[in-house]
Every structure is written in structure tokens, then in C-alpha cells.
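This report refers to the structure that appears directly beneath it.
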Amino acid sequence: MKQMSHLDDDGVPSTPGKFKMDKSPYFHRTRWQWQSSSLLPKLAFWSLVFLAFIFVFFYRSPSSSDPSRRSLRTYSWGGPAWEKRVRSSARVRTRRGVSVLVTGAAGFVGTHVSAALKRRGDGVLGLDNFNDYYDPSLKRARQALLERSGVFVVEGDINDAALLKKLFEVVPFTHVMHLAAQAGVRYAMENPSSYVHSNIAGFVNLLEVCKSANPQPAIVWASSSSVYGLNTKVPFSEKDRTDQPASLYAATKKAGEEIAHTYNHIYGLSLTGLRFFTVYGPWGRPDMAYFFFTRDILKGKAISVFEGANHGTVARDFTYIDDIVKGCLGALDTAEKSTGSGGKKRGAAQLRVFNLGNTSPVPVSDLVSILERLLKVKAKRNIMKLPRNGDVQFTHANISSAQRELGYKPTTDLQTGLKKFARWYLGYYKGGKRAAS
Ligand SMILES: O=C(O)[C@H]1O[C@H](OP(=O)(O)OP(=O)(O)OC[C@H]2O[C@@H](n3ccc(=O)[nH]c3=O)[C@H](O)[C@@H]2O)[C@H](O)[C@@H](O)[C@@H]1O
């Protein structure tokens, strides 16, 4: 298994793509009987006002308050040239290689995993809806990086059953690496339905298509350390209770684990859930603290550093992206085949869940001190009591199960990993040419 660290320093130009929008399905033409021709200008005027209203309402309103807006977007796919690209991207180039559909391929983890798979000769096809939860130009830049290494990222949504079916018709994927999700713990209070839409409805839609595929793929997917919720027993082991989620995000990931059980039980799908612990690194997510702390420290803007009751430490088991990639590849490589075919179970199938963490929690205040040293700028810290926003005070992974079964062994400490992140960040946003939003 090769290490994936080649994305670290790549300063890739942003290539904003074009969203292809079909005509709004909400607009139906109606036939009118004209009483008099003088009505025409009035009607034209009010039609324009109506259309402007529709446009402003559906396309300009912030997505944070209207998750359905995202599903209004339609994507163009299909046709011989498109199918050729799909086939070529998914073509296996080594004797023992696998063909993997990676959902969320333009996301942080998705990009790194896709590049690593491609590098070792596996067939990889990406899928991503390029939504605007965070700056889509960063997703486009990641896409450009993948395209250069031969990975085609299809633009589409995991809720689009017709698209997923088409993909399985064109390529008999052996594996699905399912990383598409609505991420972020705190945002769930702002936009709860986007979590249900992606993490529950989207996951079920994907599983429905996978269970009917022939052959059925083995599925590895991203759960989250947040499922441990209010659990206080540390380090967190897969055997610990996960029935007290502290955020809706955590609840949807936990629901995903239960849904995985169902599809494994009924249809014989091979399913492996990976509980990621606060993954960070180059090409990371701007909604995560280490990323926006970096941006704000460089701008001289104050940052809010949370602490627990009675000045209690808030800490995370921060895990570096290259370690996570190795865990993902280990999970794919050890995944057994699904046992069903054409929607029918033929025998018991593998069902697994693993912690992928770093096993050494670091206080958030230490994270800030490391960033100060790396950026050579003093942070303006606002120490705040941990808000009641879904955040838990502490995470710490027990990884013995992943170690034993996946050969997972993280090797990057926070200082080393943040150094790589800072180098990438400064290169990517150099001279303020790109706005770090
Ligand atoms: O491990 C996980 O399961 C989760 O890790 C992260 O969630 P989180 O650990 O909350 O990561 P951040 O949002 O980057 O927060 C890191 C730490 O900084 C703290 N924080 C965050 C924001 C802020 O303004 N100030 C602050 O002190 C948080 O309380 C937390 O302790 C990801 O955002 C989730 O998608 C992922 O599932």
C-alpha cells in the first residue's frame, strides 16, 4: 500500500465549473384565452415579476436556510462520450486492482483517497454534487487535481437513483467508498434537513442501488467519532455505547450505522463503517476549526477558543489525512465480497465498524499555540464556554481493532501534520490571490 502524501504542496489553479441548470420544474406554462389584446402587456409584466420572484426565491436564497435548493440543481450526464470517460476512469490498471466508486470525491477525504487509489493502479470514478456548504472553488481545485491524475469526477447527487443505476450499468464496481455527506457538527443547528437529505436519504438511496447491482459491491463508508456523543468512557472503543448523540449530525451518522446493519442483514451487502476522528491536513475543510483558525489568525481576527465547565479542557484526537487514507485503503483491501445478487441475499456478509483516530488527544488551546508558532502570528483568543451547539468536550480513539484488522497505524503527530497543512495553506492562498472564505 503506497503512502498518499503527494497532494500536500500542489498549488492547483481553481477551475470554477459551470453548473448546468435545467429549466425550473416549478414553472408550468398555462394557456390563456385573451379577452382583449390590451391585457397582454400587463400579463407580460406580471409574468416577469413572477419569474423574478421564483429566481430570487430558489436560486439566490442562502442554502443554509433551504437545503432543498440543492436538490433543484440538475446535472447533465449520459451519452457515449460521458460513458467513455466513466469507463476509462474506472479501468483497473493492475492485475489485482479493484474498481471503486468514490462518492464525495471532491471533498477533503474523498480527494486524497481517490488519488491514492489511482496511484496504486485501481480504477476510480468520483461522484460529487459540488454543493456550496463551503467554498465550491476549493472543491473545483481538488477536482482539477484529480482530473490531472486521471480520475473523472461525475457531477451528481447520491440522491439521484437514475444516475447511480447508470453508473453501475456502465461499470461493475467491486467497491464503493462512500464519503459524500453533510459534514460539520455545529451547522446541524442551522440546516438540519441537509443532514437528513445527505446522510440518511442519500445513504439509503445509494444502498438501494448497491443491493440491486449485479455483482453487489462491497461498501466502505464514513461514520464519525461524534457517534460516541455523551459517552465518558475513554478511550472510545467500538464496543462502547453510542446511543447518546450530542448533535443531529452525530444522530444521522449513528442512523447510518443502523441502516448499514439492515442492508447487511436483508441483502447481504458487505459494509464497513469508519469512525473518523477530526481529520485534518492539506486540502482540508474550511468549516473546521484548524482551518478557519489559520485564516483568522493570519487576518488578525479574533478566534473563539472553547473550554469546558470550570475551565475544563476541550480536546480532540486530531488525525492526519495520510493516516486516514491508509485506514480507508486498509478497509477496502480487507472488505469481503457482498453475498447477495440482484437484490437477494445468498449468505451472511461482513459488517464492520472501526475507529480511525490518532490515540493522542490534544487540547484545542494547544492546537492554537502550534498554529501561532507555524504562522509566526499571535492569535487573538476569545476564551468561551463550550456553547450548547452539539460539540462534545473530548474525543479519544481506541484503535486496536483497526490496527489488528486493517493494519492501521497512525504515524503523524499534530505538530507535524499542521506544519504540512500550513505550508499547503500558505501556498494555496498565496498573496491573497484566492479568498479564504
Ligand atoms: O471527528 C469527527 O467525528 C468530526 O470531526 C470534526 O468535528 P470536530 O471534532 O467538532 O472538529 P472542528 O469543528 O474542527 O472542532 C475542533 C475543536 O475546536 C473547537 N472549536 C470549534 C470552533 C470554534 O470556533 N472554537 C473551538 O474551540 C471544537 O469545540 C472542537 O473541540 C468534523 O467537522 C466532523 O465532520 C467529523 O465528523
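The values are calculated or read from the model by the stated rules, or taken from the named source; none is laboratory data. Keep in mind that what you see is a predicted model, and the values were worked out from it rather than measured. Cβ coordinates were reconstructed from backbone atoms using ideal geometry, including for glycine residues, and neighbour counts include every protein chain displayed.
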Q: Only residues that are within 10 Å of the ligand (Cβ to nearest atom) and not in a loop (DSSP other than H, G, I, E, B): list them for region 363-387, please.
A: P363, V364, S365, L367, V368, R381, N382, I383, M384
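Only one of these is near the ligand (Cβ under 9 Å from one of its atoms), at pLDDT below 95 and within 30 Å of N264 (Cβ to Cβ): G340, G390. Name it.
Values: G340 fails: near the ligand (Cβ under 9 Å from one of its atoms).
Checking each option against the conditions leaves just G390.
Per-residue answers, yes or no, for (1) of a type in the set (V, I, T); (2) more than 8 Å from the ligand (Cβ to nearest atom); (3) loosely packed, with under 15 Cβ neighbours inside 10 Å:
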site	(1), (2), (3)
F276	no, no, no
A289	no, no, no
H311	no, yes, yes
D323	no, yes, no
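Here are some residues: S247, S237, S270, S226. Which one is hydroxyl-bearing (S, T, Y) and surrounded by fewer than 18 Cβ atoms within 10 Å (Cβ to Cβ)? Write out each step before concluding.
Details: S247 fails: surrounded by fewer than 18 Cβ atoms within 10 Å (Cβ to Cβ); S270 fails: surrounded by fewer than 18 Cβ atoms within 10 Å (Cβ to Cβ); S226 fails: surrounded by fewer than 18 Cβ atoms within 10 Å (Cβ to Cβ).
Of S247, S237, S270, S226, the one residue that is hydroxyl-bearing (S, T, Y) and surrounded by fewer than 18 Cβ atoms within 10 Å (Cβ to Cβ) is S237.
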**Q.** Near pairs, Cβ below 6 angstrom, 6+ apart or cross-chain, from region 217-239 (within 30 Å of G342 (Cβ to Cβ) and more than 13 Å from the ligand (Cβ to nearest atom)) to any residue that is in a helix (DSSP H, G or I) and aliphatic (A, V, I, L, M)
**A.** V220/A331; V220/L332
Q | When residues of region 207-244 are limited to those that are part of a helix (DSSP H, G or I) and touching an Asp or Glu at 6+ places or on another chain (Cβ under 8 Å), the one nearest to S400 (Cα to Cα) | A | S225
(Q) Can you list residue pairs whose Cβ atoms sit under 7 Å apart, with the first residue in region 373-386 being more than 14 Å from A289 (Cα to Cα) and the second being among the polar types (S, T, N, Q) and part of a helix (DSSP H, G or I)? Count only pairs 6 or more apart in sequence or on different chains. (A) L375/T294
**Q.** Checking K253 against (1) part of a loop (DSSP other than H, G, I, E, B); (2) buried (at least 24 other Cβ atoms within 10 Å of the Cβ); (3) of a type outside the set (S, T, Y), the condition it does not meet
**A.** (1)
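Please pick out the residue among L207, L179 that is out of contact with any Cys (no Cβ under 6 Å at 6 or more places or on another chain), in contact (Cβ under 8 Å) with a residue 60 or more places away in the chain and more than 21 Å from R91 (Cα to Cα).
On the way: L179 fails: more than 21 Å from R91 (Cα to Cα).
From the options L207, L179, the qualifying one is L207.
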(Q) Checking V124 against (1) assigned to a helix (DSSP H, G or I); (2) within 19 Å of the chain's Cα centre (by Cα), only one condition comes out false. Which one? (A) (1)
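State whether one or more residues within region 325-338 are farther than 30 Å from R120 by Cα and of a type in the set (S, T, Y). If you could, list the steps in order and put the result at the bottom.
Our first condition is that a residue be farther than 30 Å from R120 by Cα; within region 325-338, this holds for none.
Within region 325-338, not a single residue is farther than 30 Å from R120 by Cα and of a type in the set (S, T, Y).
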**Q.** Residue within region 186-199 that is part of a loop (DSSP other than H, G, I, E, B) and modelled with pLDDT of 95 or more present
**A.** yes
Q: Find all pairs meeting these conditions: Cβ atoms under 6 angstrom apart; at least six residues apart or on different chains; first residue within region 262-290 and assigned to a loop (DSSP other than H, G, I, E, B); second residue within 16 Å of the ligand (Cβ to nearest atom) and of a type in the set (K, R).
A: T278/R316
Q | Positions within region 91-125 being crowded, with 23+ Cβ neighbours inside 10 Å and among the small types (G, A, S), in sequence order | A | G104, A105, A106, G107, G110, S114, A115, A116, G123
(Q) If I ask for residues that are farther than 12 Å from F152 by Cα and touching a Lys or Arg at 6+ places or on another chain (Cβ under 8 Å), which ones from region 71-109 would you list? (A) T74, Y75, S76, W77, G78, T94, G97, S99, G107, F108
Q) Within region 168-216, can you find the residues that are away from the ligand (no atom under 14 Å from the Cβ), under 22 Å from I324 (Cα atoms) and surrounded by fewer than 23 Cβ atoms within 10 Å (Cβ to Cβ)? A) T174
Q. In the set E155, E147, which member is at pLDDT 95 or above, more than 16 Å from the ligand (Cβ to nearest atom), among the acidic types (D, E) and buried (at least 20 other Cβ atoms within 10 Å of the Cβ)?
A. E155
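Restricting the search to region 299-309, which residues are assigned to a helix (DSSP H, G or I) and either surrounded by 18 or more Cβ atoms within 10 Å (Cβ to Cβ) or near the ligand (Cβ under 8 Å from one of its atoms) (or both)?
Initially, region 299-309 is screened for residues assigned to a helix (DSSP H, G or I), giving 299, 309.
None - no residue of region 299-309 is assigned to a helix (DSSP H, G or I) and either surrounded by 18 or more Cβ atoms within 10 Å (Cβ to Cβ) or near the ligand (Cβ under 8 Å from one of its atoms) (or both), so the list stays empty.
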